[in-house]
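The values are calculated or read from the model by the stated rules, or taken from the named source; none is laboratory data. Computed from a predicted model, the values in this text were never measured in an experiment. We place every Cβ from the backbone using ideal geometry, glycine too, and count neighbours over all the protein chains shown. Calculation scope for accessible area: heavy atoms of the full protein, side chains included, ligands and nucleic acids excluded. Shrake-Rupley method; radii C 1.70, N 1.55, O 1.52, S 1.80 Å.
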Amino acid sequence: MGHMTQPPTLPACCAPLLDHWPLPRALPGVQLLSTRFDPERLDPEDFTRWGIAPLKAVNKRQTEFLAGRICAHEALRRLTGAPLILPVAEDRSPCWPAGVVGSITHGA
C-alpha cells in the first residue's frame, strides 16, 4: 500500500471533495466522500503525482478512476490517520487495508 507524507493538490479535473453530513456523524466510523470530475481537465501526470497506476482507457474512465481513488485516500486518512493509496487487485478492484470495508462508486 502506498503511504504518502502529504498528498499533492487535488487535480484540476476534480472538484473539492464533499463530506456527506449527517451520514458520517450518524454512523460512527463511516466516511462518505465525493467529488465531481471533468475528463476534459485530466492531466495524465495526475496519476504519477498521486502514486496511482494509470489506466489504459478513455479519459472519462481514467478520470472517474482517479477521482474515486482520491476520495478513498481521504476517507482512509480520516478513518485511520494514515494517508494511503489503495493498491489495485488483478480485477482492478481496490485492496482495502485489514479492518476496513469500503466501496468506490462512479455515477451521477
*Looking at segment 39-55, which of the residues that are at pLDDT 95 or above and not in a helix (DSSP H, G or I) is surrounded by the most Cβ atoms within 10 Å (Cβ to Cβ)?*
LEU42
*asked:* Filter segment 56-86 down to the residues that are in a helix (DSSP H, G or I), touching a helix residue (DSSP H, G or I) at 6+ places or on another chain (Cβ under 9 Å) and open to solvent by 60 Å² or more (accessible area, probe 1.4 Å) and list them by number.
replied: ASN59, LYS60, ARG61, ARG78
*Among the numbered criteria (1) at pLDDT below 85; (2) open to solvent by less than 30 Å² (accessible area, probe 1.4 Å); (3) in a loop (DSSP other than H, G, I, E, B), which single criterion is violated by PRO24?*
(3)
